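Computed from the coordinates by the stated procedures, all read-outs in this text should not be read as laboratory data. Predicted model only: the values in this text are computed from it and were never measured. Neighbour counts run over all protein chains shown; Cβ positions are idealised from the backbone, glycine included.
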Amino acid sequence: MKIDCSDCHVTYDIPEEFLPQREKIAFNCKKCGCKIAFAHPLFENHVSSRKPAGDHASGVQRQSAQETVTHDPAGVRAFKSKVRMCLMGSIPPVAQIVAKAQMVVANPFAGLRDLAEVIEKDAGITTRALKIANSAYYGLSGKVTSIGHASVLLGNKILGEIITMAGVRGFLGEKLKGYGLDSGDLWRHSLAVAVSSKLLATKRSPGYAEDAFVGGLLHDAGMIMLDPYILEKKEFFEEIMGDGLHTSLDAERTVFGTDHTEVGAEILGEWGIPSALLKPVAKHHHPSASSGPLTQIVHVGDILAKRFGLGLGQDDMLYDTDRNAMEFLGMQEGDLELLRSEVCDSVDSITMDVLQETP
């Protein structure tokens, strides 16, 4: 089946057996970024359309879909409280360690031993953190013998990054039945966003590099918190996304009146994650100039992971890069592809050599 981009006129020749079995299909043009939407040939009585990414018509379509359900603000608050209450009784121990580690990192008066003391009593995280510190990714193969030694060689910022990675591996590695994700899918995506974000920060604002990595790791934590409730509304959720034009984020807001970004940021904040890391969690899908450099970086890191095949599903190509974020980074769309091999190689290295064990 031949599909033409209405903007740059490139033609895609896609075998019909490769097309998703749904009425409406959409993807972004690899050349110009234009959003191409068309009807599956097996379905009739549907007029295909092609809309540039981020145009007003697309926004109207998404708004009308979200208006199919009217949400009372009090009802949304009640739902968030329900999620919060269910989670507060079972805060993962690693979440507490990660939160304490990030608070130490954020404290300019903390010493090298302060961060080491956070995790040394947890043998599992200590072992995993040492394994990460000795990986090729950090360039210290075999040189790190203890957490205290790691703090001296790497400093608190890098060690905080390592502790977060070691701590959230199991938390982010769960199977998410509501979202239809297998064990490890969210972890691999989060790791890819972390690596991409750190790489982008290093090129544009090195002072944000370690925070960008941690922000990338945590950016989709709210999906774990919402997953049981999405599973309860699975049919409605799939119906909204079934047209190929609406994302899981659209579906969350339609069903619940909130989404994983809001829920994740609020609950991570209550767990003790520093406020500087909460903005990229809350705003990574819709950054603005006021949301800060870290949010801009994590937003583009998320887009990179999706484009490089390290995303989360069928709606990956529906997410567009924010113009303000690209301007902040001083990059064009064509520059992003140049980072593919570095991102993918780093993710493969960490996944295969450091964190092979199942969560």
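Here is how the numbers come out for the structure above:
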quantity: Label-point separation in nm, residue 270 to residue 238, each point 7 Å along Cα→Cβ; calculated: 3.1
quantity: Simple label model, 7 Å out from Cα along Cβ direction - residue 286 to residue 136, nm; calculated: 4.3
quantity: Cα centroid of the range 227-249 to Cα centroid of the range 112-130, whole Å; calculated: 39
quantity: Backbone N under 19 Å from the residue 332 label point (7 Å along Cα→Cβ), restricted to the range 196-225; calculated: 204
quantity: Residues 6, 291, 81, sorted so that the one with the fewest Cβ neighbours within 10 Å comes first; calculated: 81, 6, 291
quantity: Global geometry of the range 256-359, whether rounded, prolate or oblate, following the gyration tensor of its Cα atoms and the 1.5 cut on a/c; calculated: oblate
quantity: Separation of alpha-carbon centers, the range 132-165 and the range 280-342, rounded to whole Å; calculated: 28
quantity: Order of 179, 138 under a 10 Å beta carbon neighbour criterion, fewest first; calculated: 138, 179
quantity: Set 143/306; 131/306; 82/283 screened for pairs whose C-alpha atoms are more than 25 Å apart; calculated: 143/306; 131/306
quantity: Ascending count of other beta-carbon atoms within 10 Å, so fewest first, for 298, 10; calculated: 10, 298
quantity: J(HN,Hα) series, the range 297-305, from Karplus relation 6.51 cos²θ - 1.76 cosθ + 1.60, nearest Hz, glycine and proline x; calculated: 5, 5, 4, 5, x, 5, 4, 4, 4
quantity: Efficiency of FRET from Cβ geometry, residue 352 and residue 86, R₀ 30 Å, rounded to 0.05; calculated: 0.30
quantity: Highest to lowest packing among 192-200, 299-307, scored as the average C-beta count within 10 Å; calculated: 192-200, 299-307
quantity: Alpha carbon Rg of the range 86-353, scaled by the compact-globule rule 2.2 N^0.38 Å; calculated: 0.97
quantity: Within the range 69-196: Cβ-based charge dipole about Cα centre, in debye rounded to nearest 20 (Lys, Arg +1; Asp, Glu -1); calculated: 160
quantity: Gain in span if fully extended, residue 345 to residue 112, counting 0.36 nm per residue against the direct Cα distance; calculated: 80.8 nm
